[in-house]
Amino acid sequence: MKLSGAEIFVETLKKEGVKVLFGYPGGVVLPIFDVLYHEKEIRLILPRHEQAAVHMADGYARSTGNVGVALATSGPGATNTVTGIATAFMDSIPIVVFTGQVPTPMIGVDAFQEADIVGITRPCTKYNYLVKNTADLPYIIKEAFYIASKGRPGPVLVDLPRDVLANKADFVYPETVSLRSYNPTYIGNRWQIKKAADAILKAKKPVIYAGGGVISSNASQELKELAEFTEIPVTLTLMGLGGFPGDHPLFLGMLGMHGTYAANMTIHNSDLIIAIGARFDDRVTGRVKDFAPNAKIIHIDIDPTSIRKSVHVDIPIVGDVRLVLIDLLKELKSMKETNEVIEEARKHWAKQIKDWQKEHPLWYEYDDEVIKPQFVIEKIFEITKGDAIISTEVGQNQMWTAQFYKFLKPRTWLTSGGLGTMGYGFPAALGAQAAFPNKLVFDIAGDGSIQMNIQELATAVIERLNVKVAILNNSCLGMVRQWQELFYGERYSGIDLGEVPDFVKVAEAYGAVGFKAVKPSEVEPVIKEAIKIKKPVLMDFRIDRMEKVFPMVPAGAAIHEMIFLEKKKKTEKMKVVR
Amino acid sequence: MTHILSLLVENKFGVLSRVAGLFSGRGFNIEALSVAPTQDPSVSQMTIVTSGDDRVIEQITKQLNKMIDIIKVSDFSDKDYVLREVALIKVSAKGADREEALRIATIFRAKVVDSSPTTYTIEVTGDDKKIEAIVNLLRPLGIKELVRSGPIAILREDKNK
């Protein structure tokens with residue numbers, strides 16, 4: 001039996017196990033929406049902006065580990081997806097974005113709502129397709145899901161011309177995919193793993209530095225085993241948070257620009273770095289030429305291009321992080337030699353790290369009049385007992401959350417790490433809530449970022465996605481303000497957001513619930529009330545405007561050259577007038 | 001250092017743009033590039049001349065290998081290969097210069113492929129040194145137009161097999 005392209009599209013999605021589709025209609029994709037009208041197995045969620053649709057698919061993917069799917073129309077619908085796609089690309093998130101396209105005979109004539117979206121997204125997708133024949137739809141869609149999720153994951157875009165959706169063809173769903181030009185390496189090289197195990201046994205000052213690859217390959221259990229078996233401390237990148245329990249005694253906290261002093265000092269002074277699914281991003285290494293001067297580096301990554309891109313690697317291991325860790329553990333367990341000199345050195349190393357932890361722990365100055373943002377985050381952790389999915393926007397809200405919320409489990413942390421997309425957190429939280437309707441999902445936001453996709457309150461209310469948004473409201477673009485204060489002589493330019501809007505009223509206007517907290521004593525009751533209410537809630541926490549993210553590695557410095565929060569005298573304390 | 005990369009790629013539309021985009025997006029150099037289908041019409045062969053230090057070349061090869069449409073990447077630089085380029089040179093040839101142009105062409109085993117009362121068009125094949133050499137000799141006669149194909153390369157077969 002022949003089916004229309006739109007019917008083939010929906011049938012193929014079902015075969016791929018798609019349960020939720022974040023889609024915004026428009027002229028050329030009408031045939032798809034017409035099929036979706038009768039569709040029972042796929043839940044269609046209508047966002048209020050195509051960018052948000054892609055972030056939702058991204059949040060869905062990060063929280064479940066499955067491919068997230070978004071759909072937009074041609075032209076502006078398609079171009080609106082670009083930020084979402086680039087966000088997923090930088091963080092290696094498996095999503096498939098479908099865009100409509102003008103009919104094939106009209107491509108290239110500047111037709112109404114035509115955009116060369118395949119050309120536009122070529123540098124920010126893992127791969128993309130323009131479908132030219134209806135009969136090609138099933139295999140292209142299957143390939144798209146395969147490419148998005150296998151190897152190093154990433155976004156794939158499929159452009160669907162209107163005539164391809166309208167024409168009919170036989171529906172033949174291919175059971176397997178085989179691409180002669182795409183065969184990622186999953187199993188690590190035996191010899192390299194042996195060499196790595198040997199280096200680990202001989203190291204006097206080792207450290208594990210793990211990133212988002214631990215999350216994408218579902219390797220947190222193996223990582224924990226490795227750390228516990230070898231008693232090597234672990235630091236995580238921003239993307240890796242949740243990949244190792246935040247309350248584990250071997251956990252040093254995040255490293256890098258706003259990492260902990262202990263993590264950065266441990267990396268800087270180590271003699272062996274075991275890098276696992278991390279890519280030595282500039283926010284992690286600081287000044288590259290002074291990065292960990294005495295360390296040998298083992299680098300485990302599925303993507304060979306990540307290895308030796310910015311730092312020299314002594315023992316590269318290309319492979320799936322989880323599979324390599326399993327083999328590495330096996331190797332280590334078979335070796336089991338003990339060496340007193342090494343053991344003694346390790347003890348000394350552990351003590352040294354304890355001292356660093358004591359010297360400059362993460363801290364903030366609690367205040368009983370003004371709400372400190374870190375206090376709000378600690379309270380959210382305390383009240384949820386860490387059993388929540390947390391997304392953030394980008395800026396101070398993101399860094400404070402990374403520092404002060406103890407992520408205990410993988411896939412509970414959604415943040416735009418690579419691209420740093422303001423406006424990501426709220427739609428991503430909605431995507432996660434769509435995947436887990438009964439879980440508690442928080443978006444920890446700033447008053448700047450939340451306004452970049454605040455229209456999604458409508459989606460939240462109508463789709464009953466009861467996300468709790470905690471706005472750390474300092475009436476300004478806090479991270480930019482912090483840099484202007486520290487590095488631009490306090491010339492505050494273009495950062496003042498005023499006390500606009502009234503977030504409680506905004507929430508109410510959309511049919512959500514709004515709360516405002518001005519005093520620290522109001523924080524806990526507001527969070528508890530927000531959790532109780534079965535509706536989306538916007539919490540407006542009026543925080544200390546001058547609060548900064550510390551410690552900090554200034555741009556261009558090495559990661560051990562950190563600046564810290566200095567204890568202020570009571571009288572000097574910033575008064576915040578509200 | 002200059003490297004010659006030979007790629008086997010899927011013969012699909014957009015592949016050239018992906019490869020070119022990779023080079024421009026990551027700040028790598030392309031000095032010359034040529035593409036054509038192979039004996040298997042679903043596969044094209046690309047020869048890219050690029051330059052950079054070892055780290056850059058390592059990144060280029062890895063990034064190319066990572067691209068979905070690229071089947072194989074070989075770096076010919078430390079191998080034994082045959083390299084050829086074609087140049088078409090339209091040179092002014094009047095009076096005594098007509099004889100001189102033909103003489104130069106003969107020395108380089110080049111062919112005259114078109115002629116008019118005042119010009120010759122000369123086709124020459126070789127590596128870039130040979131092409132530079134003939135161009136330099138023809139220049140005094142007056143080169144009106146010069147078109148070069150960019151190099152293509154193939155590995156020499158092992159003679160001991």
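The values are calculated or read from the model by the stated rules, or taken from the named source; none is laboratory data. None of these values were measured; they are calculated from a predicted model. For neighbour counting, all protein chains shown are included, and Cβ atoms are generated from backbone atoms with ideal geometry for every residue, glycine included.
For this structure, a couple of remarks:
- Restricting B:Val56, B:Val35 to residues that are surrounded by 14 or more Cβ atoms within 10 Å (Cβ to Cβ) and within 14 Å of chain A (Cβ to nearest Cβ) narrows the list to B:Val56.
- Annotation: A:Asp58 fulfils all but one of (1) within 25 Å of the chain's Cα centre (by Cα); (2) among the charged types (D, E, K, R); (3) over 30 Å from A:Ala219 (Cα atoms); the unmet one is (3).
- Within segment B:125-161, the residues that satisfy the criterion of being without any contact (Cβ under 8 Å) to a residue 12 or more places away in the chain and more than 30 Å from B:Asp80 (Cβ to Cβ) are B:Arg139, B:Pro140.
- Subset of segment A:314-350 [under 16 Å from A:Leu272 (Cα atoms) and not β-branched (Val, Ile, Thr)]: A:Asp314, A:Pro316, A:Leu328, A:Leu332, A:Glu343, A:Ala345, A:Arg346, A:Lys347, A:His348, A:Trp349, A:Ala350
- When segment B:70-124 is limited to residues that are touching a residue at least 60 places away in the same chain (Cβ under 8 Å) and small (Gly, Ala, Ser), the one that is farthest from B:Glu58 (Cα to Cα) turns out to be B:Ala87.
- Restricting segment A:208-264 to residues that are on the phi < 0 side of the Ramachandran plot and among the charged types (D, E, K, R), the residue that is surrounded by the fewest Cβ atoms within 10 Å (Cβ to Cβ) is A:Asp247.
- Within segment A:460-491, the set of residues being part of a loop (DSSP other than H, G, I, E, B) and either touching a residue at least 12 places away in the same chain (Cβ under 8 Å) or within 28 Å of the chain's Cα centre (by Cα) (or both) comprises A:Glu463, A:Arg464, A:Leu465, A:Asn466, A:Val467, A:Asn474, A:Ser475, A:Leu477.
- For segment A:427-481, the set of residues classified as over 24 Å from A:Gly23 (Cα atoms) and out of contact with any Asp or Glu (no Cβ under 9 Å at 6 or more places or on another chain) consists of A:Met479, A:Val480, listed by residue number.
- Test: residue in segment B:76-93 that is closer than 27 Å to A:Asp303 by Cβ, more than 10 Å from chain A (Cβ to nearest Cβ), surrounded by fewer than 17 Cβ atoms within 10 Å (Cβ to Cβ) and of a type in the set (Asp, Glu): yes
- When the test is whether a residue is of a type in the set (S, T, N, Q), over 19 Å from B:Arg18 (Cβ atoms), crowded, with 24+ Cβ neighbours inside 10 Å and more than 14 Å from chain B (Cβ to nearest Cβ), A:Thr83 does not pass it.
- Any hit, segment A:152-162, residues being without any contact (Cβ under 8 Å) to a residue 40 or more places away in the chain and within 11 Å of chain B (Cβ to nearest Cβ): no
- Tally of residues being more than 10 Å from every other protein chain (Cβ to nearest Cβ) and either within 25 Å of the chain's Cα centre (by Cα) or among the small types (Gly, Ala, Ser) (or both) across segment A:126-140: 1
- Residue check for A:Pro536: closer than 20 Å to A:Gln374 by Cα and touching a Gly at 6+ places or on another chain (Cβ under 9 Å): no
- Residue that is over 30 Å from A:Gly151 (Cα atoms) and more than 14 Å from every other protein chain (Cβ to nearest Cβ), where the choices are A:Gln352, A:Gln398: A:Gln352
- Qualifying residue in segment A:503-512 (condition: surrounded by 16 or more Cβ atoms within 10 Å (Cβ to Cβ), over 24 Å from the mean Cα position of the chain (by Cα), in a loop (DSSP other than H, G, I, E, B) and free of Cβ contacts under 8 Å to residues at least 60 places away in the same chain): yes
- The condition of being surrounded by 24 or more Cβ atoms within 10 Å (Cβ to Cβ), at pLDDT 95 or above and in contact with a helix residue (DSSP H, G or I) (Cβ under 9 Å, 6 or more places away or on another chain) holds for only one of A:Gly418, A:Gly448, that being A:Gly448.
- Selection within segment A:532-554 - within 18 Å of A:Ser449 (Cα to Cα) and part of a loop (DSSP other than H, G, I, E, B): A:Pro536, A:Asp544, A:Arg545, A:Met546, A:Glu547, A:Lys548, A:Val549
- Scanning segment B:60-67 finds one or more residues that are over 19 Å from A:Arg180 (Cα atoms), buried (at least 18 other Cβ atoms within 10 Å of the Cβ) and either within 14 Å of chain A (Cβ to nearest Cβ) or at pLDDT 95 or above (or both).
- Scanning segment B:38-52 turns up at least one residue that is without any contact (Cβ under 8 Å) to a residue 12 or more places away in the chain and more than 13 Å from chain A (Cβ to nearest Cβ).
- When restricted to residues that are loosely packed, with under 15 Cβ neighbours inside 10 Å, at pLDDT below 95 and among the β-branched types (Val, Ile, Thr), segment B:119-161 contains 1.
- Matching helices (runs of 4 or more DSSP H) fully within segment A:289-404 where at least 1 residues are touching a residue at least 24 places away in the same chain (Cβ under 8 Å), crowded, with 24+ Cβ neighbours inside 10 Å and touching a Gly at 6+ places or on another chain (Cβ under 8 Å): A:321-335, A:396-404
- Of the residues B:Glu100, B:Glu123, the single one that is out of contact with any Asp or Glu (no Cβ under 8 Å at 6 or more places or on another chain), within 30 Å of B:Ser6 (Cα to Cα) and not basic (Lys, Arg) is B:Glu123.
- Where strands (runs of 3 or more DSSP E) fall wholly inside segment B:78-161, the ranges with 1 or more residues that are touching a Phe, Trp or Tyr at 6+ places or on another chain (Cβ under 7 Å) are B:81-92, B:111-115, B:119-126, B:152-155.
- Output for segment B:5-32, where each listed residue is away from chain A (no Cβ under 14 Å) and at pLDDT below 95: B:Asn29, B:Ile30, B:Glu31, B:Ala32
- Top-ranked residue of segment A:176-207 - restricted to ones that are in contact with a helix residue (DSSP H, G or I) (Cβ under 9 Å, 6 or more places away or on another chain) and charged (D, E, K, R), ranked as surrounded by the fewest Cβ atoms within 10 Å (Cβ to Cβ): A:Arg190
- Residue match in segment A:185-192 (condition: within 14 Å of another protein chain (Cβ to nearest Cβ) and either hydrophobic (A, V, I, L, M, F, W, C) or closer than 23 Å to A:Gly65 by Cβ (or both)): yes
- Qualifying position, being at pLDDT below 95 and small (Gly, Ala, Ser), among A:Ser310, A:Ser216: A:Ser310
- Residue match in segment A:102-112 (condition: in contact (Cβ under 8 Å) with a residue 60 or more places away in the chain, more than 14 Å from chain B (Cβ to nearest Cβ) and crowded, with 19+ Cβ neighbours inside 10 Å): yes
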